[in-house]
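Structure, as structure tokens:
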Amino acid sequence: MSQESVQSASELLPADVRIAVKDVTCTYIDGKEEVHALGPIDLEIHDGEFVCLIGPSGCGKSTLLRMIGGLSLPSSGEVDLRVADPTRATATVFQDYSIYPWKNVLSNVRFGLDLAGVPKREGNERAKRYLDRLGIGDRAKAYPSALSGGMKQRVAIARALAVEPDILLMDEPFSAIDAQMRHVLQDQLLNIWQADRRTVVFVTHSIEEAILLADRVVMLSNRPGRIIADRRVEIERPRDAVSARSSKEFADLHDELWELMRGEVQRHLAESGDLMGVTQ
Ligand SMILES: Nc1ncnc2c1ncn2[C@@H]1O[C@H](COP(=O)(O)OP(=O)(O)OP(=O)(O)O)[C@@H](O)[C@H]1O
Ligand SMILES: [Mg+2]
């Protein structure tokens with residue numbers, strides 16, 4: 001998606017809509033084979049909404065996220081974004097940390113700001129502020145090789161946030177992190193989001209993580225992914241993880257989504273015999 005299309009599309013969207021996915025499909029060409037990966041999908045995400053995308057492995061979650069981020073184009077349909085400044089429309093956090101090993105923590109966080117032409121002093125201040133918010137301000141001079149996985153991912157999150165994007169995209173950002181640290185990062189993200197209310201699209205395999213974090217959980221079917229559930233999470237904000245997890249709303253929605261997911265997995269197994277990743 002070009003920057004022009006992002007800019008012109010903004011004019012066409014209702015005032016409270018940040019992301020409009022309209023009749024989008026994606027078909028990959030893999031050698032001689034066509035892989036219908038996704039869609040058709042119609043989805044509107046509102047300003048300040050936290051939306052979690054869940055669905056079986058290979059159903060097209062990352063594909064959809066990449067299209068929202070302009071990293072790949074739909075085969076048909078369109079993705080429109082309402083953004084204030086096309087140079088910081090979206091920032092993405094991936095599963096595999098994707099920080100530069102040869103740059104120290106501060107330089108990694110400042111990287112996007114350098115690209116955007118933010119003056120060095122302001123860039124340093126902003127980078128430090130976000131590192132502090134993620135609780136790793138004291139590691140600013142460390143190199144990634146000296147950091148744990150959880151810390152590296154906090155650097156990647158700080159880097160994305162420091163750009164102050166209109167839309168934060170996160171593709172299974174906590175799935176490579178051990179369970180304890182994952183809870184810490186979920187809490188930090190909840191706190192930061194509750195303070196900033198940025199629009200977030202967050203992909204996860206975990207139904208539990210989706211309900212804990214999201215305003216809305218959108219579930220995709222087996223490939224080609226289509227929306228089979230779009231549920232509002234009625235747990236009040238600000239949320240704290242412990243009471244959210246023990247609420248009736250959490251249990252009811254978890255059961256409903258788990259049944260749907262199980263149905264998809266069983267359907268896929270019946271059709272192909274493949275194993276699919278899904279966690280409660
Ligand atoms: N570049 C590509 N060429 C061919 N097929 C692709 C390509 N990228 C993805 N696919 C296929 O498209 C489908 C959707 O892929 P995608 O990575 O979006 O799924 P996903 O839901 O993110 O999966 P996972 O849960 O495993 O991360 C998969 O079947 C995948 O194998
Ligand atoms: Mg993926």
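The values are calculated or read from the model by the stated rules, or taken from the named source; none is laboratory data. Everything numeric here is computed off the predicted structure, so don't read it as measured data. Methodologically, a virtual Cβ is constructed for each residue, glycine included, from the backbone with ideal geometry; neighbour enumeration extends over all protein chains shown.
In table form, for the structure just shown:
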quantity: Extreme residue, farthest from ligand 2 (Cβ to nearest atom), among residues of segment 49-63 that are hydrophobic (A, V, I, L, M, F, W, C) and either surrounded by fewer than 24 Cβ atoms within 10 Å (Cβ to Cβ) or farther than 12 Å from ARG223 by Cα (or both); calculated: PHE50
quantity: From ALA142, ALA84, ALA116, ALA146, residue being assigned by TED's automatic domain parsing to the domain that holds ASN191 and more than 30 Å from ARG223 (Cα to Cα); calculated: ALA84
quantity: Spans of strands (runs of 3 or more DSSP E) in segment 36-98 with at least 3 residues β-branched (Val, Ile, Thr) and under 22 Å from ALA156 (Cβ atoms); calculated: 90-93
quantity: One residue from ALA91, ALA116 being more than 16 Å from ligand 2 (Cβ to nearest atom), within 24 Å of ASP215 (Cβ to Cβ) and touching a residue at least 40 places away in the same chain (Cβ under 8 Å); calculated: ALA91
quantity: Flag for PHE94 being under 21 Å from the mean Cα position of the chain (by Cα), modelled with pLDDT of 90 or more and not assigned by TED's automatic domain parsing to the domain that holds GLU209; calculated: yes
quantity: Answer residue from segment 61-91, given it is within 12 Å of ligand 1 (Cβ to nearest atom) and at pLDDT below 95 and is nearest to VAL118 (Cα to Cα) among those; calculated: LEU71
quantity: ARG245 vs. criteria more than 16 Å from ligand 2 (Cβ to nearest atom) and either in the same structural domain as PHE174 (by TED's automatic domain parsing) or buried (at least 17 other Cβ atoms within 10 Å of the Cβ) (or both); calculated: yes
quantity: Selected residue (only one of PHE174, PHE202 is closer than 25 Å to GLU236 by Cβ, within 16 Å of ligand 2 (Cβ to nearest atom) and part of a loop (DSSP other than H, G, I, E, B)); calculated: PHE174
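Results for (1) within 16 Å of ligand 1 (Cβ to nearest atom); (2) surrounded by 15 or more Cβ atoms within 10 Å (Cβ to Cβ), shown as yes or no for each residue.
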| position | (1), (2) |
| --- | --- |
| LEU169 | yes, yes |
| PRO173 | yes, yes |
| LEU185 | no, yes |
| GLN188 | no, yes |
| ASP215 | no, yes |
| ASN222 | yes, yes |
| ARG226 | yes, yes |
| ALA251 | no, no |
